[in-house]
Every structure is written in C-alpha cells, then in structure tokens.
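What follows is one structure encoded as structure tokens, with my remarks underneath.
The values are calculated or read from the model by the stated rules, or taken from the named source; none is laboratory data. Since the structure is predicted, the reported quantities are computational estimates derived from the model, not experimental observations. Please note: Cβ atoms are built from the backbone with ideal geometry, for glycine as well, and neighbour counts cover all protein chains shown. In case anyone asks, the SASA skips ligands and DNA or RNA and just uses the protein heavy atoms, side chains included. Shrake-Rupley method; radii C 1.70, N 1.55, O 1.52, S 1.80 Å.
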Amino acid sequence: QAGVSRSVAVATAYLMKTEGLGWEEAYAAVRAAKPDAEVNPGFQGQLKLYEAMGCAVDSSSALYKRYRLQMLTERYPELQDLPREVFAVDPTTVCQTLNTEVLYRCRKCRRALFRSSSILSHMEGSGPAAFAHKRVTDSAQLCVDGRDKCTSYFTEPVQWMEPALLGVMEGQLLCPKCTSKLGSFSWRGEQCSCGRWVTPAFQIHKSRVDEVRTLSAGNFQAAKT
Ligand SMILES: [Zn+2]
Ligand SMILES: [Zn+2]
C-alpha cells in the first residue's frame, strides 16, 4: 500500500512540475485516471511543500526546514538522538557567514548565536483575534522578518541548543556562554506574540540579542573568545 501511495505521489509531483498544476489539481487528475489512487497524509504534506517551494526541492529554504522539523516532531517522544542535519552549524565554529547574512549575538556577552538564514519566518497572526481562535486563524498576513508584532525570532535548532533539547519536550534556551535566558523551546509548539502558533518552536527574544550586519575577521575572533 505504501508503494502504491508513493507511486501516486510521484505521478502527482510529475504533473505539478510539468503541467504547472497545484497539488490538489494534479492529485485530482491522477485520481481521475485511476480512481483507487490514494496518497497518505504524509505524502500529501510533502506535495503541499513541493508546491509551496515552486516544484523544486530547496533544502535551505525555511519552508523545507520547518517541514522537516514538523515531521521530526511527530516522532519526537521516542527520539533521543536528533539527526545532525536539523541543527544549524554553530556560528562560532566556522567562519562561513556570508556578508549578506545578519549574525545575532547574545546582548549580554556578545556570543554569536545564530544567523539570519536560521530564522524560520511565520505568517503573522492577527493579534488578540488569533489568541481567541487558538490554532485556527483566518486572516493572517505574511510577516517576513516578524518586525511588527513578533517579539521573538523563531529559528531552526542551532548546535549549541542540542544538550537542552534532547529527551525533553520543552524548556528554556540559555546562552551557552553566559547562561542568561534567551528564550524557550517546545516540541509541541509555542504561540508567538503575534498570535501565530509555531510547531515546534525555538524562540529567542529579540530583546536578548543584537544584530550584527557585517562580520569582519576581527569581529569573528571577538565572537569566538
Ligand atoms: Zn509572530
Ligand atoms: Zn551570553
């Protein structure tokens, strides 16, 4: 049955790519040709992601990272070792930050914490209304950086978070150098100040970090010490 589901998913993805169809249209077309064709919810999620990424798989896109984390979360209670690839490289261990990227550092001790490429942006919820409806929000606006209502950055997990994340469902995120509180995480998800639920959530309060626009060699050394 899984094999059938997979071949239907592949046929659907093929139609999306070649015919420019949305996943639901493509799926309907496959089912019209083969009425018993069915894809399981896991494949449906992947097809939606594929559509959202413009029918190309980009493993560095925020959509892909968020999807991968969501898949991981479904298995999480049994998971004691997280796949290495879900963690962003610790910005203090390698000097590969692009000039176009923004680096975020602990406001207190200046330790480099994450790069702008690790921020997983979300649709901004509509404030109090979003809280009232909890997870169901009709009107939402895209907020690219979460500049307005969002008081936290939601990121992918970064390597320095790993000891805090393993074996527990939620907890605090502390600076690995000065141990000041930076934010929190929850594999079940947390609600952003804008009202949007983010699952899983790794959030760093904007007030606890500073943006560093360009990273010269001198700054990098300072970040390492
Ligand atoms: Zn938000
Ligand atoms: Zn610190």
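In the range 111-152, which residue that is under 13 Å from residue 197 (Cα atoms) and modelled with pLDDT of 90 or more is nearest to ligand 2 (Cβ to nearest atom)?
Restricting to residues being under 13 Å from residue 197 (Cα atoms) and modelled with pLDDT of 90 or more, the top hit is 152.
Any residue in the range 87-102 that is over 10 Å from residue 213 (Cα atoms) and open to solvent by 100 Å² or more (accessible area, probe 1.4 Å) sitting within a Cβ distance under 8 Å of a residue that is at pLDDT below 90 and assigned to a loop (DSSP other than H, G, I, E, B)? List the pairs, counting only those 6 or more apart or interchain.
Hits for this filter: 96/89.
Between a first residue in the range 174-192 that is more than 21 Å from residue 73 (Cα to Cα) and a second residue that is within 15 Å of ligand 1 (Cβ to nearest atom) and hydrophobic (A, V, I, L, M, F, W, C), which pairs have beta carbons less than 7 Å apart while being 6 or more apart in sequence or on different chains?
So the pair list comes out as 182/204.
Is the range 160-167 home to any residue that is modelled with pLDDT of 85 or more, under 26 Å from residue 61 (Cβ atoms) and within 16 Å of ligand 1 (Cβ to nearest atom)?
no
Among the residues of the range 190-225, write down those that are within 24 Å of residue 163 (Cα to Cα), modelled with pLDDT of 90 or more and open to solvent by less than 10 Å² (accessible area, probe 1.4 Å).
Across the range 190-225, the qualifying residues are 192, 198, 200, 201, 202, 204, 209.
Please work out which one of (1) open to solvent by 60 Å² or more (accessible area, probe 1.4 Å); (2) within 16 Å of ligand 1 (Cβ to nearest atom); (3) modelled with pLDDT of 95 or more is the condition residue 172 fails and give its number.
Every condition holds for residue 172 apart from (2).
Counting only residues that are open to solvent by 80 Å² or more (accessible area, probe 1.4 Å) and more than 26 Å from residue 120 (Cβ to Cβ), give me the helices (runs of 4 or more DSSP H) lying completely in the range 1-77 with at least 2 of them.
The qualifying helices (runs of 4 or more DSSP H) are 2-19, 23-33.
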